[in-house]
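Shown next, in structure tokens, is the structure this report addresses.
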Amino acid sequence: MCGIVGYTGRDQAAPILLDGLSRLEYRGYDSAGLAVRDGSAPAEVVKALGKLYHLADKTDQGRALPGACGIGHTRWATHGDPSMVNAHPHVSGNCSGSGSGPVESDVVGVHNGIIENFTELKEKLLRHGYTFYSDTDTEVAVKLVDYYYKKYKIGPVDAITRTMVRVRGSYALALMFRDFPDEIFVARKDSLS
Ligand code: GLU
């Protein structure tokens with residue numbers, strides 16, 4: 001069991017997110033990551049393998065990551081090895097290298113739990129031209145949200161709702177959309193956050 005945290009407000013998000021993740025360390029995890037955005041600028045993703053202090057070191061305890069809106073995650077791998085590329089957050093577009101850096105995608109998100117029908121959903125997305133950079137079920141969920149968001153030109157809540165209709169399993173999701181600065185969208189089914 002791993003953890004999700006989110007913050008949007010007036011303060012710098014990253015130190016608060018790191019503090020939140022530290023409170024969930026007892027659940028166990030193999031990697032951790034943050035996505036933080038500064039106003040309407042693209043989100044910045046930072047990931048680290050192993051203990052949370054590696055992520056804290058990489059971001060100068062969060063101080064090096066500007067922005068007052070963000071999500072954080074500790075991962076317990078179920079789909080794909082513990083690795084930088086499989087660590088969360090995941091993005092709806094392509095990602096270069098290990099996935100750290102500015103997010104060019106429309107949707108970025110983190111996820112706890114298991115998407116049971118991820119193979120079938122991945123095949124659907126492949127048929128619609130999506131490509132995949134990780135082995136995770138999470139990337140499939142984020143891309144499915146993106147698919148509905150663009151196909152029906154609906155808002156984040158409706159895109160997430162459509163996704164939840166298709167997804168089987170127990171999970172929690174926290175997502176940020178490029179078009180919606182300062183907002184975090186969450187969904188949960190039979191899972192702790
Ligand atoms: N199934 C996801 C993965 O393997 C999330 C695992 C978790 O709950 O941390 O990345």
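All of the numbers you see were taken from the coordinates with simple rules; none came from a lab. Remember, predicted model here, so these are calculated numbers, not experimental data. Counting neighbours? That spans all protein chains shown, and the Cβs are built from the backbone with ideal geometry, glycine included.
Ordering Ser98, His88, Gly28 by Cα displacement along the dipole of segment 1-118 toward the positive end leaves Gly28 in first place; charges were set at the Cβ atoms of Lys, Arg (+1) and Asp, Glu (-1). Scoring 143-151, 75-83 by mean Cβ neighbours within 10 Å over their residues and listing the highest first yields 143-151, 75-83. A Förster radius of 41 Å, combined with the Cβ-Cβ distance separating Ala77 from Arg127, puts the computed FRET efficiency at roughly 0.95. Measuring between alpha carbons in the structure, the pairs from Lys47/Lys150; Lys51/Lys151; Lys150/Lys189; Lys58/Lys153; Lys51/Lys153; Lys58/Lys189 lying more than 30 angstrom apart are Lys51/Lys151; Lys58/Lys153; Lys51/Lys153; Lys58/Lys189.
Let me check I've understood the local charge: for Ala77, count other residues with C-beta under 11 angstrom from its C-beta, Lys and Arg +1, Asp and Glu -1. What total comes out?
Details: positive: Arg75; negative: Asp30, Asp81, Asp135, Asp137.
Its environment carries a net charge of -3.
Express the C-alpha Rg of segment 84-193 as a ratio against the empirical globular expectation 2.2 N^0.38 Å, rounded to two decimals.
Working: Rg = 12.6 Å, N = 110, 2.2 N^0.38 = 13.1 Å.
The value comes to 0.96.
About the centre of its Cα atoms, the chain shows a dipole size close to 400 debye [charges on the beta carbon of Lys, Arg (+1) and Asp, Glu (-1) only; nearest 20 debye].
Computed extension gain for Ile114 through Met84, at 0.36 nm per residue and net of the alpha carbon distance, reaches 8.9 nm.
Computed about its Cα centre, the charge dipole of segment 55-156 is approximately 340 debye, with only Lys, Arg, Asp and Glu carrying charge at their Cβ.
Taking N as the number of residues in segment 5-59, what is its Cα Rg relative to 2.2 N^0.38 Å?
This ratio for segment 5-59 stands at 1.12.
Diffusion coefficient of the chain by Stokes-Einstein, Kirkwood radius over Cα pairs, 4 °C, 1.567 mPa s: 81 µm²/s. Secondary-structure-derived ellipticity at 222 nm for the chain, considering helices only, amounts to -8000 deg cm²/dmol, per-run term -39500 (n - 2.57) for DSSP H runs with n ≥ 4. Helices from the chain with mean Kyte-Doolittle at least 0.5 and a Cα length along the axis of 20 Å or more, per DSSP H: which? Both cut-offs are met by no helix.
With a/c under 1.5 counting as rounded, go ahead and sort segment 133-187 into rounded, prolate or oblate using the C-alpha gyration tensor (a ≥ b ≥ c being the square roots of the eigenvalues; past the cut-off, prolate if a/b is larger than b/c, else oblate). Since a/c stays below 1.5, the shape of segment 133-187 is classed as rounded. For segment 139-193 versus segment 1-40, the inter-centroid distance based on Cα atoms is 19 Å.
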